[in-house]
Amino acid sequence: MPLDAARSAFEWLITGPHPLGVDGRLFPGLPGRRVPLNEMRDRLLRRGCPQALRDAVWAHLVLLARADGGAWTVGCVGVALPALTTIAATLSARFAGDPNDIHAAVLAGFVAELDTIDLRRPRVMLRLRWAAYRAGHAAVREALDAPTPYGHGFRSTEPPPPSGHPDFVLARAIAERAITAAEAELIGATRLEGVPLTDAAAARNLSYQAAKKARQRAERRLVAYLLHDASDTLHAGPREHDLATQVADAATITDAAAHATHTTPPSRTATDPAARAGKTGGGRVSPRSRFPGVQGCGRTHAAPAPTTSSSPEPKRRPSGSTPGVPRCA
């Protein structure tokens, strides 16, 4: 820690036969000898020490630091270490990050103020202390306002799902005929949207057991479809899988909606009047003709299918029409 390094350097200055100190005869109330800086620090921290003596000693120390720098700057830091340690501990008490920057900012703020502080005003140490606090507080605010760091390199993350969003899974299953649109709606409503199966069954005019069994059958087919799709994905390259997924996801919803709304046309039976007219009427193009529609105009129509005696009487054609020959518009 920066303050620990400053403490170690200060201890080297006050160790040995000639420790770094000031002449006590310059200040009233101090012994008439050279006072080491660690002893001077203890005297200044006493409750009974006059404020005038504190200001005089600190002004003398700051002047020595400005004039000689080096050891005297470290000496000023050593004398102020109790205050600097308290400030750093207060600012980093609830800081979850690395406190080294805060301690360094406190120390840097104190040293920078040594060059600019006004020594003619009282309470020199108090103003040095607040300069150190402001610098440390600014470091805390800068650390809290900085963006969250984002690590680089390899890291463990959850693999992406093989088939994307659940809605795309159901839509893809509808498009590939794995399940029907009604079954997908039942699964999506009850499994994804939180609709109770009882309400879903009532909305579809089904009993609870019938809806439950229908959902179970659809889910078994859906699981089998997904397992087969996943096994195919393992054999495909990552780039091919990404491209296929993007293309399929872009087109699946539209295709699934078409399958959901498409209804199979009714079969044309012998009882259907339109079908019966198509088989026996001459005004319609035969679906078995080689040239249907406009391309068949003017060509001979295939012979109409024979009717049995039980077939109803065909409709009467308008006057002027020729049986077996299509009429052009």
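With neighbour counts taken as other beta-carbon atoms within 10 Å, the residues H18, H137, H103, H228 rank, fewest first, as H18, H228, H137, H103.
Amide H contacts of R34: G24, each under 5 Å away and 5 or more positions distant or on a separate chain (H built 1.01 Å from N in the peptide plane; Pro and chain starts excluded). Here F168, F110, F10 are placed in order of increasing Cβ neighbour count within 10 Å, fewest first, which gives F168, F10, F110. FRET efficiency for the pair R25 and W130, taken as 1/(1 + (r/R0)^6) with r the Cβ-Cβ distance and R0 = 22 Å, rounds to 0.10.
Read the figures in this text as sums done on the coordinates, not as results from a lab. Since we're looking at a predicted model, the values are computed, not measured. As a convention, Cβ positions derive from the backbone with ideal geometry for all residues, glycine included, and neighbour counts pool all protein chains shown.
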